[in-house]
1. Taking beta carbons within 10 Å but only from partner chains, what does the mean come to for residues B:67-79?
2. Could you give the dipole magnitude of the protein assembly as shown about its Cα centre, charging the beta-carbon of Lys and Arg +1 and that of Asp and Glu -1, in debye to the nearest 20?
3. Taking amide H positions as placed 1.01 Å from N in the peptide plane, with prolines and chain starts having none, which residues 5 or more places from residue B:15, or on another chain, fall under 5 Å of its amide H?
4. Can you list the residues, at least 5 places off or on another chain, whose amide H is less than 5 Å from the amide H of residue B:115, using H built in the peptide plane?
5. For residue A:121, which sequence-distant residues (separation of 5 or more, or a different chain) have an amide H within less than 5 Å of its own amide H, given hydrogens modelled in the peptide plane?
6. Ballpark to the nearest 100 Å², how much total accessible area do A and B bury together, probe 1.4 Å?
7. What are the principal axis extents of the Cα atoms in chain A, in Å, biggest first?
8. From the residues B:89, A:17, B:14, which one has its Cα farthest along the dipole of the protein assembly as shown in the positive direction, the dipole being from +1 and -1 charges on Cβ of Lys/Arg and Asp/Glu about the Cα centre?
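The values are calculated or read from the model by the stated rules, or taken from the named source; none is laboratory data. Because the structure is predicted, anything quoted here is derived from the model rather than measured. Glycine also receives a Cβ, built like all others from the backbone with ideal geometry; neighbour counts cover every protein chain displayed. Calculation scope for accessible area: heavy atoms of the full protein, side chains included, ligands and nucleic acids excluded. Shrake-Rupley method; radii C 1.70, N 1.55, O 1.52, S 1.80 Å.
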Amino acid sequence: MNASVPPTRGEEPTPNQLAMIEHLEIHADAPPQRGIRHLHLSFPSAFVHGDDAVTLVIERMHSWHWLTSEQTDLLAHALHEAVGNAVVHGNRGHIELTVELELWADGQQWDLHVSDQGKGFSVREALRAFRGRRRNLGNGRGLVIMAGSVERLTFHHGGRTVVLGGRRSDALRRG
Amino acid sequence: MSHQHDIAASEPTPWMITRMGAVVVAEVMMPRLFDPVMVDRLDHDLHAAVGSADDLVLDLTRVRYISSAMLGRMVMLWMAAQKRGRRVVLSGVTGTLAEILRIAGLHQRVQMHRDVATALAALETHPS
């Protein structure tokens with residue numbers, strides 16, 4: 001787009017983006033449960049329900065002073081991507097399949113678990129989507145946004161559950 | 001302005017597409033660009049706009065959240081415009097939205113301007 005950038009066949013992923021995908025942690029087991037569960041939402045695989053769920057969780061975390069304003073917006077992007085992936089890629093839009101969204105936290109850190117009922121994915125599959133033409137439709141870029149927007153990103157249950165994690169901003173203020 | 005007219009005035013959409021001389025300005029007025037249906041509609045309208053003008057300014061001043069799917073559509077739009085020797089630039093990208101575009105790597109490709117006026121001035125200074 002910039003005048004100095006020559007025309008290309010397509011947009012190439014940067015080495016940093018590829019490294020992000022290559023280093024995704026995808027575990028076979030369930031995610032660890034941090035502290036206590038503060039929220040648990042279960043909703044059908046439809047965008048409108050996912051949007052409401054994300055809004056509710058983000059508003060709660062912000063009202064509890066767990067997030068700064070900047071963290072709130074970044075986490076909203078990341079969580080939307082996670083829920084969108086669960087609806088579109090995990091449950092493949094089958095509205096009868098549910099998405100689970102859980103917020104776990106101890107006094108220092110929080111974890112958001114987003115789970116679908118799909119078949120999960122591997123790093124190899126993620127890289128293939130990221131390098132392929134479908135990337136220009138968004139595939140793979142969502143993973144990069146998630147990885148770049150939160151402190152911790154791990155996958156569990158073979159990719160069916162994603163955990164977005166961060167430090168509570170009220171804990172940082174307490175020192 | 002007398003040289004402006006709405007291209008998609010007949011259909012109520014949360015964006016406004018206006019021709020300003022040889023440039024089309026698309027102002028997105030919804031704060032959240034996540035809904036796949038809206039992404040599809042906007043993508044359709046933007047492709048139609050790029051096909052009917054020299055250049056496109058996509059103004060995101062009012063957009064606070066954007067999905068990776070929409071970012072992907074923007075890349076495809078940019079590529080389609082390039083094939084026709086046309087340009088797509090962004091305006092009003094600030095704060096967290098700018099950070100998201102940086103994380104997604106779009107800042108390396110897509111020209112970004114502070115506002116529509118600055119984008120129009122840049123396009124005028126460097127005609128395609």
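1. Working: counts 9, 16, 8, 1, 6, 10, 3, 3, 8, 6, 1, 3, 7.
The mean count of partner-chain Cβ atoms within 10 Å per residue comes to 6.
2. Numbers: 32 positive and 33 negative charges, 153 e Å.
Charge dipole of the protein assembly as shown: 740 debye, to the nearest 20.
3. Residues meeting the criterion, in which the H sits 1.01 Å from N, are B:29.
4. Distant-sequence amide H within range of residue B:115: B:92.
5. Those lying under 5 Å, H to H, from residue A:121 are A:159, A:160.
6. Working: alone 9930 and 7090 Å², together 14230 Å².
Summing both sides, the interface buries roughly 2800 Å².
7. Per principal axis, max minus min of the Cα coordinates gives 49, 40, 30 Å.
8. Result: A:17.
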